[in-house]
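Okay, here's the structure, questions in a sec.
The values are calculated or read from the model by the stated rules, or taken from the named source; none is laboratory data. The structure displayed is predicted, hence computed values, not measured ones. Quick reminder, even Gly has a Cβ in these numbers, built from the backbone with ideal geometry, and neighbours come from all protein chains shown.
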């Protein structure tokens, strides 16, 4: 039963990787990297995982990009398969090979984020540009709603806005206001609880696998090392793979000659010195590889 302990962290890790929260982290991470590497820092300021007060509660914005070209409110979402849905439908569908799954319309969530920011910043609607980035899907069965883009077209969609909708002072006011009212660092934290949990599960899986298969790993490692030594020094091994003793290696290095006419036998080491060896052994070595026979 101890050999099966590694299955427990494996199953927990699989369930964790299949969880909606982890899939959401995949989408957020990809969009975060796109924004960090693709937007000019002197023109755009990027916030990730921003939690803002809204009414009696809070609203969470995955990504917020502020520039003089406007305020881009970005919702990132991980979905699989083909997607069908309109901007006004409450729930969309993701179609797999044998089934379809309904999920909340991300455009609605994105709209709520924009409304919360409007109340907070007191700017007109024209200053805001809502965007929904879908990661992992195959595409829409019909034309996607306006503002719904793929990761590959996100940067182009942002750069499409070429007219200034905010003055430099207004853009700075937005930056200061967001920094003041956001409730926690969110994505700026170095360690997240879910990231730590994922790391612990992975380490537990490695430890369980090592505990269960450590003997097998030792045998495989020894076998690989043995084969490597055979290839590098084949003269030290028998044809069946057994290692020769020091005596056998020494005997193989000798050059022995036996005369059937006189019954005399002599063995010499590689340096030319005569080897002190019993006559019977000398004869056996000579018959095994006699220079006279060759």
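Output yes when any residue across region 174-186 is over 28 Å from residue 124 (Cβ atoms), at pLDDT below 90 and in the same structural domain as residue 126 (by TED's automatic domain parsing), and no when none is.
Yes.
Right, residue 219: more than 14 Å from residue 288 (Cβ to Cβ) and either touching a residue at least 40 places away in the same chain (Cβ under 8 Å) or within 42 Å of the chain's Cα centre (by Cα) (or both) or not? Can you show your working first?
Working: more than 14 Å from residue 288 (Cβ to Cβ): yes; either touching a residue at least 40 places away in the same chain (Cβ under 8 Å) or within 42 Å of the chain's Cα centre (by Cα) (or both): yes.
The answer is yes for residue 219.
When region 77-91 is examined, which residues are found to be surrounded by 14 or more Cβ atoms within 10 Å (Cβ to Cβ) and either modelled with pLDDT under 85 or touching a strand residue (DSSP E or B) at 6+ places or on another chain (Cβ under 6 Å) (or both)?
77, 78, 79, 80, 81, 82, 83, 84, 85 - these are the residues of region 77-91 that are surrounded by 14 or more Cβ atoms within 10 Å (Cβ to Cβ) and either modelled with pLDDT under 85 or touching a strand residue (DSSP E or B) at 6+ places or on another chain (Cβ under 6 Å) (or both).
Does region 32-44 contain any residue that is crowded, with 18+ Cβ neighbours inside 10 Å, touching a residue at least 12 places away in the same chain (Cβ under 8 Å) and either in a strand (DSSP E or B) or more than 32 Å from the chain's Cα centre (by Cα) (or both)?
Scanning region 32-44 turns up no residue that is crowded, with 18+ Cβ neighbours inside 10 Å, touching a residue at least 12 places away in the same chain (Cβ under 8 Å) and either in a strand (DSSP E or B) or more than 32 Å from the chain's Cα centre (by Cα) (or both).
Taking only region 30-56 into account, find how many residues are at pLDDT 85 or above and either within 18 Å of residue 114 (Cβ to Cβ) or touching a helix residue (DSSP H, G or I) at 6+ places or on another chain (Cβ under 9 Å) (or both).
Summing the residues that are at pLDDT 85 or above and either within 18 Å of residue 114 (Cβ to Cβ) or touching a helix residue (DSSP H, G or I) at 6+ places or on another chain (Cβ under 9 Å) (or both) in region 30-56 gives 17.
Collect the residues in region 92-107 that are crowded, with 16+ Cβ neighbours inside 10 Å and not in a strand (DSSP E or B), keeping them in residue-number order.
Residues satisfying the conditions are 105, 106, 107.
Between residues in region 130-148 that are not assigned by TED's automatic domain parsing to the domain that holds residue 71 and residues that are surrounded by fewer than 20 Cβ atoms within 10 Å (Cβ to Cβ) and in a strand (DSSP E or B), which pairs lie under 7 Å by C-beta distance while being six or more apart or on different chains?
Qualifying pairs under 7 Å: none.
Out of curiosity, is residue 111 in the same structural domain as residue 165 (by TED's automatic domain parsing), surrounded by fewer than 17 Cβ atoms within 10 Å (Cβ to Cβ) and not in a strand (DSSP E or B)?
Criteria not met by residue 111.
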